[in-house]
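Chemist: Before we start, here is the structure in question, set down as structure tokens.
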């Protein structure tokens, strides 16, 4: 018996020492779990501390910040990770000129979009939500989105260079600071939408600016001009190779908050709040997804993982492990309603059926999480873009058909079907290679 335990210990030690991918996923996952604990506590504090109306307004604010920062920066940042990982593995040189050009372009475009929303707030609010009552969350959401844009860019650089300790540190710092600040508001009985939104915007703006200034502090104007001239071939390669990929994430982010816009137009704030609670727990349930993508994207962008045989072998092993996640998901759907209602309060009891729909998406997302990373690693960007366009069109059609009659349940079905189409088609594409 002791010999078996010794052999098991040796095998586990051998896997740990010779599997940097597993080590990195576990490292990022542990860091991500810690930050998600604070994220969960923050979500719980907002759900229980804000009124239904204020929580719906907060959801609108949060949706705007994610939508705007995602549309402007997500595609460029993901393309930057993939290209930088490949470039570092080939040349062992950081594309510093690309870093500077990317963030300059993102800030310029965001300033243009944000400027229109801030100068013409009523017209922008009517265009997006169809009602003037949400002008304040739009304005605050735009400011918070700018902070998120800078944060996401900084984390992209850490991810591309596989500096996972720094990547984890930024997650911890932002989540802890927001939670402590909101906890102070709650203790002082000042918890309402406007101060909550101001805290989110201030923390994200301050941290994003600090990280950006710290990372790029050595890039003086004279150095930048020399870098641009010296790395113009690199810049050209990035633009040529990443156009379709940027387009894919642009389309993906366009329909990522379509649920919020549709619910506000067709059903109102109370239905949005009920849906938002289920969506919040859906996001928290995807605990490892960010950690997995953080490690696998640079991994599959390297030269040694361009072999289709290696990719299929990795995918097969991954599916064999992750398919069993369906068991705890079914158990929670079956038995978890009392816990869900106890955590969120009876006002959000109707959120649980919506979460059951989302739980299907949790299983699919975790099980097929390596697929997009493999497609990006093999430069299948035009296929990804076309797939994103198809999913975007289906998402809009399903929202228009289902939300007026089913409300939040219809919005959840639209999200899960759209994401499942991307996952299934990606799986078929990879198997055919």
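Chemist: From 118, 80, which residue is on the phi < 0 side of the Ramachandran plot, surrounded by fewer than 20 Cβ atoms within 10 Å (Cβ to Cβ), touching a helix residue (DSSP H, G or I) at 6+ places or on another chain (Cβ under 8 Å) and in a helix (DSSP H, G or I)?
Modeler: 118
Chemist: Run down 185, 112 and say which single residue is more than 24 Å from residue 72 (Cβ to Cβ) and part of a helix (DSSP H, G or I).
Modeler: Unique residue meeting the criteria: 185.
Chemist: Out of 47, 64, which single residue is crowded, with 24+ Cβ neighbours inside 10 Å and either closer than 30 Å to residue 347 by Cβ or modelled with pLDDT of 80 or more (or both)?
Modeler: Just a single option satisfies the conditions, and that option is 64.
Chemist: Next up: Does residue 168 satisfy the condition of being assigned to a helix (DSSP H, G or I) and buried (at least 17 other Cβ atoms within 10 Å of the Cβ)?
Modeler: So residue 168 passes the test.
Chemist: Mind checking whether some residue in segment 382-400 is within 20 Å of residue 266 (Cα to Cα), surrounded by fewer than 16 Cβ atoms within 10 Å (Cβ to Cβ), free of Cβ contacts under 8 Å to residues at least 60 places away in the same chain and over 22 Å from the mean Cα position of the chain (by Cα)?
Modeler: Looking through segment 382-400, at least one residue is within 20 Å of residue 266 (Cα to Cα), surrounded by fewer than 16 Cβ atoms within 10 Å (Cβ to Cβ), free of Cβ contacts under 8 Å to residues at least 60 places away in the same chain and over 22 Å from the mean Cα position of the chain (by Cα).
Chemist: Taking residue 403 as the residue in question, decide whether it is free of Cβ contacts under 8 Å to residues at least 12 places away in the same chain, surrounded by 15 or more Cβ atoms within 10 Å (Cβ to Cβ) and closer than 30 Å to residue 54 by Cβ.
Modeler: Against the criterion (free of Cβ contacts under 8 Å to residues at least 12 places away in the same chain, surrounded by 15 or more Cβ atoms within 10 Å (Cβ to Cβ) and closer than 30 Å to residue 54 by Cβ), residue 403 does not qualify.
Chemist: Residues that are in contact with a helix residue (DSSP H, G or I) (Cβ under 6 Å, 6 or more places away or on another chain) and over 20 Å from residue 251 (Cα atoms), at least 2 per element: which helices (runs of 4 or more DSSP H) completely within segment 360-433 meet that?
Modeler: Here the list reads 381-406, 408-432.
Chemist: Let me ask you something else. Any idea which of (1) assigned to a helix (DSSP H, G or I); (2) modelled with pLDDT under 90; (3) surrounded by fewer than 24 Cβ atoms within 10 Å (Cβ to Cβ) is the one residue 162 doesn't satisfy?
Modeler: Unmet condition: (1).
Chemist: Just checking, how many residues over segment 109-134 are more than 16 Å from residue 208 (Cβ to Cβ) and without any contact (Cβ under 8 Å) to a residue 24 or more places away in the chain?
Modeler: Final tally of qualifying residues: 14.
Chemist: Can you tell which of 14, 54 is modelled with pLDDT of 80 or more, part of a helix (DSSP H, G or I) and surrounded by fewer than 20 Cβ atoms within 10 Å (Cβ to Cβ)?
Modeler: Exactly one of 14, 54 is modelled with pLDDT of 80 or more, part of a helix (DSSP H, G or I) and surrounded by fewer than 20 Cβ atoms within 10 Å (Cβ to Cβ), namely 54.
Chemist: Given the residues 102, 69, 85, which is the only one that is under 19 Å from residue 150 (Cβ atoms), touching a residue at least 60 places away in the same chain (Cβ under 8 Å) and assigned to a helix (DSSP H, G or I)?
Modeler: After applying the criteria, what remains is 69.
Chemist: Return a yes/no flag: does segment 88-95 have any residue that is in contact with a helix residue (DSSP H, G or I) (Cβ under 7 Å, 6 or more places away or on another chain) and modelled with pLDDT of 80 or more.
Modeler: no
Chemist: Scan segment 90-98 and tell me whether some residue there is crowded, with 20+ Cβ neighbours inside 10 Å and part of a helix (DSSP H, G or I).
Modeler: Yes: one or more hits.
The values are calculated or read from the model by the stated rules, or taken from the named source; none is laboratory data. Computed from a prediction, not measured in an experiment: that's the story for all the values here. Note: ideal-geometry Cβ built from the backbone for every residue, glycine included; neighbour counts use all protein chains shown.
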